[in-house]
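Enquirer: Got a structure for you, written out below as structure tokens; questions coming shortly.
The values are calculated or read from the model by the stated rules, or taken from the named source; none is laboratory data. All of these numbers come straight from a predicted model, not from anything done at the bench. Note that each Cβ is placed from the backbone with ideal geometry, even for glycine, and that neighbours are counted across all protein chains shown. Heavy atoms of the whole protein, side chains included, go into the accessibility calculation; ligands, DNA and RNA do not. Shrake-Rupley method; radii C 1.70, N 1.55, O 1.52, S 1.80 Å.
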Amino acid sequence: IYLADRQYEKSYATFQDALLHIKSLPHVSDKTVKTRLYYNFARLLTRMNQHDESIAYCQKAIKWCLEQDQLYLLAELHYQLGYNLELQENFTEACANMKKSIFLFEMQKDDRFPSFIKKKLDSWIEEKKIEDDLTIVHLNR
């Protein structure tokens, strides 16, 4: 709620508390709780311009998803990671993560975001921020 209302400091404190609590639990039956927590905290950190920390939480969440054999939010996490890298002007790594997110969204038959991401990558090519490697960006147009 704090995040939606742009109350970032309160949201940050709430996420910190939640992270402490989830670490203290011996077992969490719903594996998506940790994924959602990491993902939403990473989104908050991005909004607070704490890109390195956001990247770290995206990477933790991606690692967690892979360890738990779950796809839940994996596409979104790769996008968020790529977005942070874009904000840091690391377009090569951003592109790699954006492409992973496109693949994961399409694999899950989720058509809400791939066209938006492909347009973003096309604009990077036009602006010479990345090379046109004729891969996933040009598929399914």
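Enquirer: Among (1) open to solvent by 20 Å² or more (accessible area, probe 1.4 Å); (2) closer than 27 Å to Leu121 by Cβ; (3) of a type in the set (A, V, I, L, M), there is one condition Leu74 misses while meeting the rest; what is its number?
Expert: Every condition holds for Leu74 apart from (1).
Enquirer: State which residue is nearest to Gly82 (Cα to Cα) when the search covers only the range 37-52 and only residues that are more than 11 Å from the chain's Cα centre (by Cα) and surrounded by 16 or more Cβ atoms within 10 Å (Cβ to Cβ).
Expert: Step by step, filter the range 37-52, then rank; the result is His51.
Enquirer: I need the full set of residues from the range 85-106 which are of a type outside the set (A, V, I, L, M) and open to solvent by less than 10 Å² (accessible area, probe 1.4 Å), in order please.
Expert: Correct list: Ser101, Phe105.
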